[in-house]
Amino acid sequence: MILKSLPAVIVFLIMWSGKCLAAPITIESSFDYNTEGWGRIGDSGSSLRYSSSNGNPDGYIYIQDAARGTVDWFIAPNKFNGDLSEFLNGVFSFDIRLSSVSNPILDYSIATIMGLDGELQTKLKVGNIIGDIRAGQWTTLQFQLTPDDWLLGGKTASLAEFTSILSSVTQIRILGDWRSGAETVSLDNVRFSGDSYAVPEPSYVGIFSFGLMGLLLFRRKSTNSVPQ
């Protein structure tokens, strides 16, 4: 019985070892002490500011929108740029707080990921979620880093297109202009999260598996040598 089950045990151990080598990976900005290099683009009269308290928790950043007609965006720092393909099938999340939810601009995407091969926009738009947001309260938004949650050129990106952009990120933007009129849009806890799967080391899998195979062969040889 043991002899028959050993091959299955070997296969299980190889698969299990690969899973055990998975390590959580994260890029994040919690704004506990400063802006962490975040910037703003858009209305010339608007401004990006930092507060050390009343975030979710502690510090946060916010855009004071001057409402002069140009859309404001939070711009992520360089640590969110480059090859982010490891985060494929992961999650992009952040906390947002709006000073007002009246007169929303319904057709704006919530965030964009720009790469060398194009710009991904969230399928989720202001009009899809504004009814679930309460003015003055923090709301956590999450987007799966898979093609299903993003648009490229107005349609769902293919897996190849999505992966290509994710591997060459040049800029990430989060919407800082949710309504027609002056407002304050606050941002906290921006995070890319996922799992990195390392190639199993021979010392952990191969050697152990070969040892079990050797034991299997030895047992078979011993069994065959027993006088009948």
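The modelled label-to-label distance for the pair residue 34/residue 132, using points 7 Å beyond Cα in the direction of Cβ, is 3.6 nm.
Distances longer than 26 Å among the Cα atoms of segment 25-197: what percent of all pairs is that? Tail of P(r) above 26 Å: 25 percent of Cα pairs.
Read-outs throughout are calculated quantities, based only on the coordinates presented, and are distinct from any laboratory measurement. The shown structure was predicted, so the numbers you read here are calculated from the model rather than taken from an experiment. In this analysis, Cβ positions are derived from the backbone assuming ideal geometry, glycine residues included, and neighbour counts consider all displayed protein chains.
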